[in-house]
Amino acid sequence: MVKPDGVQRGLIGEVITRIEKVGLKIIAMKMFKVSMEQAEKHYAIHKEKPFYKGLLEYITCNPVVAMVVEGKDAVKITRKLVGATNPAEAEPGSIRGDNALEIGRNIIHAGDSPENAITEFMIYFTEEEMSSYKKIDADWLYE
Ligand code: IDP
Ligand code: MG
């Protein structure tokens, strides 16, 4: 998910390009404002954290672009592309490392396990919004 700061800062294309370039397949994508109810579900795991309230305000304040991404090791690969939570610790070359400065404005979200990713898809997408299709480069991406 390109967070509100990523959208405002013109980084939607950059994020999509990074995902496409690595070979992952985008099977759903949309722009919308995250509702408070969705934000609470999404970040339920952080409910007790001191940054929770600010995090909900941040994620709901402006539109985001959410995507469902598919492929071998998709979670592992997207987390690597995204980089460490704190941009100051994210490797150069990663999306956060190259495009952000602060942990509370780190421009992108990515699920951290296949199970959590599925839980998150269900918050933001219906089954009908996800397209099942074969990409023309699949035979050249996979051995
Ligand atoms: P992740 O986004 O890399 O999975 P999490 O630890 O799951 O990182 O935290 C979720 C989000 O909460 C972060 O991306 C960031 O926006 C915010 N966050 C985490 N820690 C802090 C903090 O110490 N201050 C402010 N915001 C934070
Ligand atoms: Mg997380």
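Laboratory data are not the source of any read-out in this text; all were calculated from the coordinates shown. Only a predicted model underlies this, so the values are computations on that prediction, with no experimental measurement involved. Counting neighbours? That spans all protein chains shown, and the Cβs are built from the backbone with ideal geometry, glycine included.
Relative to the longest principal axis of the Cα atoms of the chain, the long axis of helix 114-124 makes an angle of roughly 70 degrees. Listed values for segment 63-70 are Karplus-derived 3J(HN,Hα) couplings in whole Hz (6.51 cos²θ - 1.76 cosθ + 1.60, θ = phi - 60°), namely x, 10, 10, 9, 9, 10, 10, 10, and x replaces Gly and Pro.
Largest mean-square fluctuation among Gly54, Gly97, Gly111, in a Gaussian network model of the chain whose springs join Cα atoms under 10 Å apart, belongs to Gly54.
Where does each of Leu24, Leu56, Leu101 land when they are ranked from fewest to most other beta-carbon atoms within 10 angstrom?
Leu101, Leu56, Leu24
An oblate overall shape is assigned to segment 94-143, the ratio a/c of its alpha-carbon gyration tensor axes (a ≥ b ≥ c) being 1.5 or greater and a/b not exceeding b/c. Sequence-ordered 3J(HN,Hα) estimates for segment 28-34 from the Karplus curve with 6.51, -1.76 and 1.60 and θ = phi - 60° stand at 7, 7, 7, 9, 6, 8, 5 Hz, glycine and proline given as x. Close amide H partners of Ile27, meaning residues 5 or more places away or on another chain with modelled amide H under 5 Å apart, are Val68, Val69, Glu70.
Summing Lys and Arg as +1 and Asp and Glu as -1 over all other residues whose Cβ lies under 13 Å from the Cβ of Ala28 gives a net charge of -3.
Extension gain, Thr119 to Asp73: 0.36 nm times the residue separation minus the Cα-Cα distance gives 14.8 nm. Looking at segment 49-80, the trypsin sites (Lys or Arg not before Pro) that sit in a DSSP loop and have at most 15 other Cβ atoms within 10 Å of their own Cβ are Lys72.
Can you pull out the trypsin sites (Lys or Arg not before Pro) in segment 10-50 whose DSSP state is coil and whose Cβ has at most 11 other Cβ atoms within 10 Å?
Values: sites: Arg18, Lys21, Lys25, Lys30, Lys33, Lys41, Lys47; in loops: Lys33, Lys47.
Qualifying residues, ordered by number: Lys47.
Going by how many other Cβ atoms sit within 10 Å of their own, how do Glu89, Glu127 line up, fewest first?
Glu127, Glu89
Per-residue 3J(HN,Hα) values for segment 96-112, derived from phi via the Karplus relation 6.51 cos²θ - 1.76 cosθ + 1.60 with θ = phi - 60°, read 5, x, 8, 10, 8, 10, 10, 4, x, 9, 9, 6, 8, 10, 9, x, 9 Hz in sequence order (x marks Gly and Pro). Could you tell me whether segment 13-143 comes out rounded, prolate or oblate from its Cα gyration tensor? Rule is a ≥ b ≥ c as square roots of the eigenvalues, rounded for a/c under 1.5, then prolate if a/b exceeds b/c, otherwise oblate. Judged from the Cα gyration tensor, segment 13-143 comes out oblate (a/c at least 1.5, b/c at or above a/b).
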